[in-house]
Amino acid sequence: MSLVIVGTVAFDAIETPFGKTDKIVGGAATYAGLAASYLYNRVKVISVIGEDFGDHIDMLTNKGIAVEGVQVIKGGKSFFWAGKYHNDMNSRDTLITELNVLADFDPKIPISYQDCKYLLLGNLTPQVQINTLERLAHKPKLVVLDTMNFWMDVALDDLKKVLKKVDVLTINDSEARQLSGEYSLVKAADAILRMGPKYLIIKKGEHGALLFGEGQVFSAPALPLADVFDPTGAGDTFAGGFIGYLAKVKSINFANMRNAVIYGSALASFCVEKFGTERLQGLTKEEIVSRIKEFITLSKFDIGE
């Protein structure tokens with residue numbers, strides 16, 4: 001049974017206080033796919049690229065990720081985003097957004113993808129997310145949805161429709177407040193869970209993440225890092241690691257969700273250490289295990305009587 005990721009495969013140009021890049025490979029599905037591939041060996045991507053993408057797609061296939069669902073538009077140009085991060089690395093300015101072939105993206109699901117058991121719906125229009133779900137022959141065992149404030153502004157009704165069809169929603173704290181109309185994240189979570197998802201993850205950047213579901217709450221720490229070179233794709237990496245772990249263990253419950261949040265956080269902590277996908281491309285199993293142990297040490301304590 002496969003893990004299918006729907007999202008962008010694109011080009012980015014990034015500037016941070018640590019330097020800048022020319023056009024490099026990015027996109028939500030790229031980051032999520034790379035992360036998931038370290039935990040599960042049947043990852044498949046659905047996306048669209050232009051003819052200009054060329055052999056950059058090898059970045060995915062070299063990790064064993066299936067790309068039959070990636071449409072290549074002849075003569076088209078791939079989605080391109082350029083941004084500049086401020087000194088605090090938590091805020092950024094978008095300099096260029098060129099939708100190009102993404103503007104008319106209509107997901108096509110190959111027959112070989114119909115064994116989808118785990119589905120990650122990356123940050124795309126809610127209508128594309130709905131279309132993907134409707135074109136699957138069977139509802140996956142687990143559907144994870146990522147979205148953002150933009151879709152809350154321009155497509156809220158469609159977003160609420162897709163929320164009724166998913167198991168897990170992952171958003172950041174400001175998006176949780178916007179979607180729910182509540183400032184308290186506990187109250188926000190309660191309101192959002194009533195919209196349909198069984199579980200909610202609220203990402204808080206350098207302050208970790210919160211998991212809500214089954215009447216329980218889990219707070220995951222963020223690993224203190226000496227250098228954060230580029231936060232681009234960290235949230236997508238988190239989502240890929242999260243669903244990759246759950247696909248690996250094949251059991252969906254709150255205890256495994258907690259572990260999945262830690263795995264997602266660990267992989268995201270690698271992502272920010274270098275520009276773009278550079279760090280994610282060359283990880284070893286030993287590095288991942290060591291990073292997980294760091295998270296365990298960070299949050300483990302004993303209280304004497």
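The values are calculated or read from the model by the stated rules, or taken from the named source; none is laboratory data. Keep in mind the model is a prediction, meaning the values are calculated, not measured. Cβ atoms come from the backbone with ideal geometry, glycine included; neighbour counts cover every protein chain shown.
Here are the numbers:
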| item | result |
| --- | --- |
| Which numbered condition VAL166 misses (of (1) more than 16 Å from GLN129 (Cα to Cα); (2) at pLDDT 95 or above; (3) not small (Gly, Ala, Ser)) | (1) |
| Within segment 192-216, tally of residues that are surrounded by fewer than 14 Cβ atoms within 10 Å (Cβ to Cβ) and either touching a residue at least 12 places away in the same chain (Cβ under 8 Å) or closer than 21 Å to LYS161 by Cβ (or both) | 4 |
| Selection status of ALA222, closer than 20 Å to ILE262 by Cβ, in contact with a Ser or Thr (Cβ under 8 Å, 6 or more places away or on another chain) and surrounded by fewer than 22 Cβ atoms within 10 Å (Cβ to Cβ) | yes |
| Enumerated strands (runs of 3 or more DSSP E) restricted to segment 1-53, each holding at least 2 residues that are more than 14 Å from ASP230 (Cβ to Cβ) | 2-6, 10-16, 43-50 |
| Residue ID - farthest from ALA10 (Cα to Cα), chosen from residues in segment 77-106 that are crowded, with 17+ Cβ neighbours inside 10 Å and of a type in the set (Ser, Thr, Tyr) | TYR85 |
| Output for segment 258-305, where each listed residue is part of a helix (DSSP H, G or I), of a type in the set (Ser, Thr, Tyr) and either within 18 Å of the chain's Cα centre (by Cα) or more than 24 Å from VAL144 (Cβ to Cβ) (or both) | TYR263, SER265, SER269, SER290, THR297 |
| Any pair with Cβ under 7 angstrom, 6 or more apart, that starts in segment 89-112 at a residue that is closer than 20 Å to SER78 by Cα and ends at one that is in a helix (DSSP H, G or I) and among the aliphatic types (A, V, I, L, M) | PHE105/VAL128; PRO107/VAL128 |
